[in-house]
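Rule-based calculations on the coordinates, nothing more; no lab input. Being a predicted model, the structure only gives us computed values, none of them experimental. Here the Cβ positions follow ideal geometry from the backbone for every residue, glycine too, while neighbour counts run over all protein chains shown.
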Amino acid sequence: MKNFLTILILGLSTTIFAAHHEETDSPESEHEYNFAYNSTYTIPAGSQPQRVERSILENLATLEENGYYNCGLLRHQFGGERAYYSYCYFDSWEHFGEINDSNAPAAREPNQLYGDHSDHLVAIVERNAMKRTPYVLRATYSFGPFLTINEMRDRAKMLFDAYNEAFEGCVMAEHAWGPEMVWYFYCGYESYTDFAKKSSALGDLFESGLADAKTDIRNHSDDLMVRIK
């Protein structure tokens, strides 16, 4: 893992990390948007989603006070899990260390309102989405274990380019630390009419080339989400 992390940091510290940012981020243009802290909170059966939502929003406010920035919250609409998905950006592992070393854990944890919970630290490989949209597609890809890390990256980039073109700007993130060796594509859309247009464009790109490409996909999932924050 240490060798992989060294390769990841060296490989991604070049032009890949140009400081792209959303229209709403102009006051924070000094940030680099190199990494993200992603969390998933499942909604327990019989619970009130609004209570879970309020709890996560309070947590995001605390994370921003602690030094993370441009946090956001998405809620399941179509896909695998009935869950909330949060994210916060940080600039570097040194920045991550400063945040977490200067903020001690709470002496008393609040009541847990969510079900399962997972965290994933990811590196932002490309950031082409220039504004926040009411809806977000998250596509998750993992690849065959017989591939090298760079071969997996090549497969991810090939697929991402199609999403990026069809949705007119997406974000690609790759695993750094956490539960699974995957690549995430985040693509925004303004409405489901807009989604229909962009989905058709993506389908055309797949049929015109990717359907016959050797992608070596191991697992894939899609989640359509609505933005809360």
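Based only on other Cβ atoms within 10 Å, what is the fewest-to-most ordering of Thr62, Thr133?
Thr62, Thr133
Determine, for Ile124, Ile228, the number of other Cβ atoms within 10 Å of each Cβ, and report the residues in order from fewest to most.
Ile228, Ile124
Please give every one of the lysines within straight-line cross-link reach of Lys131, meaning a C-alpha to C-alpha distance under 27 Å, and leave out same-chain neighbours fewer than 8 residues apart.
Qualifying lysines at Cα under 27 Å: Lys157, Lys197, Lys198, Lys229.
What is the packing order of peptides 151-158, 190-197, taking the mean over residues of other C-beta atoms within 10 Å and listing the highest first?
The packing order, highest mean first, is 151-158, 190-197.
Which value in nm describes the separation of the simple spin-label points at Asn103 and Ala61, placed 7 Å from the Cα toward the beta carbon?
It is 1.4 nm.
Arrange Asp216, Asp91 by Cβ neighbour counts within 10 Å, fewest through most, would you?
Ranked by crowding around the Cβ, least crowded first: Asp216, Asp91.
Once each part is reduced to its C-alpha centroid, what is the distance from the range 118-133 to the range 181-213 in angstrom?
For the range 118-133 versus the range 181-213, the Cα centre distance is 17 Å.
Test of understanding: what is the full-extension gain from Glu207 to Glu81, defined as 0.36 nm times their sequence separation minus their Cα-Cα distance?
Gain on extension, Glu207 to Glu81, equals 42.5 nm.
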